[in-house]
Amino acid sequence: MEEVSHRGKVISVNANGVRVEIVSSSACAGCHAKNLCGLSENVSKEVLVRTADAGSFSVGEEVEVLLAASMGQLAVLISYVVPLILTVAVLLILSALGTNEFVAGLCGIAAGALWYFVVWLNRGKLKQSFDFKLRKL
């Protein structure tokens, strides 16, 4: 099974699991002119990894956070593909029915916003379906 991995640093360990900070760098981060350009970006993200052996990790330790590649594809589907298709479909259907373009556009945006609201309501179930694993470096 293919896995997506990111290096991170343990920032806390408790009964719920291990909280890991991952610093994502843009492609510009490796460029020799990144300081002159101003477009390079580093984004810090925190991930809670639920694991039975949380006690074997310590704060400050370098780890690798692993996720099945299929889960990454599911995340892209949920966060980008479905809302895009939904927004465009509503826009095209309402335009074909002769609705004012402005109203059709607003309804398309509202459909995308409604999708994200439904995802937000189901965030607990989604968190359980994304199973992160930790590996010591």
Residues of the stretch 97-136 being closer than 26 Å to residue 46 by Cβ and among the β-branched types (Val, Ile, Thr), in sequence order, are 118, 119
Those residues that are part of a helix (DSSP H, G or I) and open to solvent by 70 Å² or more (accessible area, probe 1.4 Å), I need them from the stretch 48-75; list them, please.
55, 73
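I'm checking my understanding of the structure. Among residues of the stretch 1-39 that are polar (S, T, N, Q) and open to solvent by 50 Å² or more (accessible area, probe 1.4 Å), which one is modelled with the lowest pLDDT?
If we filter the stretch 1-39 for residues that are polar (S, T, N, Q), which is where we start, we get 5, 12, 14, 16, 24-26, 35.
Those left that are additionally open to solvent by 50 Å² or more (accessible area, probe 1.4 Å): 5, 14, 16, 25, 35.
On the way: 5: 86, 14: 87, 16: 79, 25: 66, 35: 60.
Taking the candidates together, the pick is 35.
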Working only within the stretch 105-137, note down all residues that are of a type outside the set (Phe, Trp, Tyr), touching a Leu at 6+ places or on another chain (Cβ under 9 Å) and not in a helix (DSSP H, G or I).
131, 133, 134, 135
Within the set of pairs 6 or more residues apart or between chains, which connect a residue that is in contact (Cβ under 8 Å) with a residue 24 or more places away in the chain and open to solvent by 90 Å² or more (accessible area, probe 1.4 Å) inside the stretch 96-119 to a residue that is of a type in the set (Asp, Glu) and part of a helix (DSSP H, G or I) with Cβ atoms less than 7 Å apart?
none
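The values are calculated or read from the model by the stated rules, or taken from the named source; none is laboratory data. These numbers were taken from a predicted model, which means no experiment stands behind them. Heads up, the Cβs are rebuilt from the backbone with ideal geometry, glycines too, and the neighbour counts pull from every protein chain shown. Ligands, DNA and RNA are excluded from the accessible area calculation, which covers all protein heavy atoms including side chains. Shrake-Rupley method; radii C 1.70, N 1.55, O 1.52, S 1.80 Å.
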